[in-house]
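Bear in mind these aren't lab numbers, they're just calculated from the coordinates by the rules spelled out. The model shown is predicted, which means the values in this text are computed figures rather than measured ones. Heads up, the Cβs are rebuilt from the backbone with ideal geometry, glycines too, and the neighbour counts pull from every protein chain shown.
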Amino acid sequence: MISKRVTHRMADGVRVPGTWRHAFIRNGDYHLTDLFIYADGLIDCWGLVTLDEFEGKLRSGWVATELPDGARGSGYDLAHWTFGEPRTWLTPELLLAEIRDTIEQLNGRPDSTDRCLAAAEAFLADRTEEKRAAARAAYFAVPETQRHYALGDMDRRDEPLRVLVAGPGGHTEEWPDDPVTQEEYDEAVAYFEDRSRWIAERASRVPADGPTTSHAPAVHVPHTYPLKPSDARNKKSLRTDFPAPVDIDGVTYPSIAHAYWALSTADTDARAAITSADTAAAAAKLAADARRRDGWEQVRTAVMTRLLRAKYAQHPVLAEFLLSTEDATLIYSDADSAFWGDNAGRGRNWLGRLLELVRSELHAERVGLG
């Protein structure tokens, strides 16, 4: 079952998503380790194996689901211990079934729980004993460790599902000696009817303050080297080195990149040279040879935010283009900085994020909330 444990591996340059869970591997001692499961069906249990090969390792006890009393356990670089009256609930069959479900989930395909719920819905739509039998079989195909979570209801757990597939007069595993009453069955049917209505309403519900993801396609701001002042309304205008002069505290800088690098040093001579540099690239080169202000790394995002606000306040035409990107994710490339740039997913994209912040502020001003 996929949890918040998300990982991946690279295969032929392709990112293969995966997840991981704890397991014991028996190699002399019983070693507590991580079992990695990937979307392409490979499993890393001290070496990548196919699902069939993994089943063989389960059957052989290499991946252990039984922990003998008195056996020695080990957590590398952590501890050694001896098992005393260990209790486990996994069997090779259960662990294999859970991992099969995990692979389905990683690929966005229906797992055993999804298939069970679909079979239950099919029965409710056509209440024949044949459909009930199919739903019951699908229920028992869900790993026993996961059945309680099938409905996502921590109060009722899977009770309505068990009663539904058993039917009036049938028996559930929890109460094998007590047949399901008509009243219990009717309650289970009503539960599923209410659940269907709730799911339909949830699917159409929009969060009160708007959608969680942007509706506009992402905008990539490539690394370019503009040289001449311009009011061009295009992606280049989003760059800090775009030659749009900006006035900060009575000093006019050719671009906010010039201003950023000038403000990064307390050396007055260096600041003057940076400000008058022919290009933003030349300004950055001069700044590299100057000493940074103390604590610059703690204030640089605040400085950049101020400069971006000034740029778009002083250049309304450029502000119009930024506003035209609506709520798109802005992916900023910066060959010189993994802090400011996204850089193919390897950077932090702070400039992209700050541009989105300033854009939101401009939108707020438009509707009288600025």
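Some notes on this structure:
- For segment 6-106, the Cβ-based charge dipole about the Cα centre amounts to some 160 debye (Lys, Arg positive; Asp, Glu negative; other atoms uncharged).
- Label selected from [x] 57; [y] 70; [z] 50, the criterion being percent of Cα pairs over 25 Å apart as computed here: [y]
- Seen from Leu94, the other residues with C-beta closer than 13 Å to its C-beta sum to a net charge of -3, counting Lys and Arg as +1 and Asp and Glu as -1.
- Across the chain, the longest run free of exposed loop sites, meaning GluC sites (Glu not before Pro) lying outside DSSP classes H, G, I, E and B with no more than 16 other Cβ atoms within 10 Å, spans 175-325.
- Peptides 35-41, 250-256 ranked from most to least packed give 35-41, 250-256, packing being the mean of other C-beta atoms within 10 angstrom over each peptide's residues.
- Computed magnitude of the charge dipole of segment 81-150 (debye, nearest 20; Cβ of K, R +1, Cβ of D, E -1): 120 debye
- Whether segment 284-370 is rounded, prolate or oblate, judged on the alpha carbon gyration tensor where a/c under 1.5 counts as rounded: prolate
- Mean sequence separation of contacting Cα pairs (under 8 Å, at least six apart), scaled by the length of segment 219-366, corresponds to a relative contact order of 21 percent.
- At most 13 other Cβ within 10 Å, DSSP loop - trypsin sites (Lys or Arg not before Pro), segment 70-115: Arg87
- For chymotrypsin sites (Phe, Trp or Tyr not before Pro), the sites in segment 68-122 that DSSP calls loop and that have at most 16 other Cβ atoms within 10 Å are Tyr76, Phe83, Trp89.
- Of Arg300, Arg205, Arg162, the one that fluctuates the most in a GNM where the chain has Cα springs shorter than 10 Å: Arg300
- Share, in percent, of DSSP beta bridges within the chain that are antiparallel, nearest 5: 85 percent
- Taking all Cα pairs closer than 8 Å and separated by 6 or more residues, the relative contact order of segment 112-200 comes to 22 percent.
- Alpha-carbon centroids, segment 232-255 and segment 15-47: separation in whole Å: 52 Å
- Among the trypsin sites (Lys or Arg not before Pro) found in segment 1-55, those both in a DSSP coil and sparsely packed, with 11 or fewer other Cβ atoms within 10 Å of their Cβ, are Lys4.
- Summed side-chain charge close to Asp267 - residues other than Asp267 whose Cβ falls under 12 Å, Lys, Arg +1, Asp, Glu -1: +2
- Which of Arg271, Arg306 has the fewest Cβ neighbours within 10 Å, and the rest in rising order: Arg306, Arg271
- The chain, dipole about Cα centre (Lys/Arg Cβ +1, Asp/Glu Cβ -1), debye to the nearest 20: 1940 debye
- Nearest 10 degrees, 0 to 90: helix 51-60 Cα axis against the chain principal axis: 50 degrees
- A dipole drawn for the chain from +1 and -1 charges on Cβ atoms has a positive end, and of Ala23, Ser324, Tyr139 the residue lying farthest that way is Ser324.
- Ranked by how many other Cβ atoms sit within 10 Å of their own Cβ, fewest first, the residues Thr91, Thr224, Thr240 fall in the order Thr224, Thr91, Thr240.
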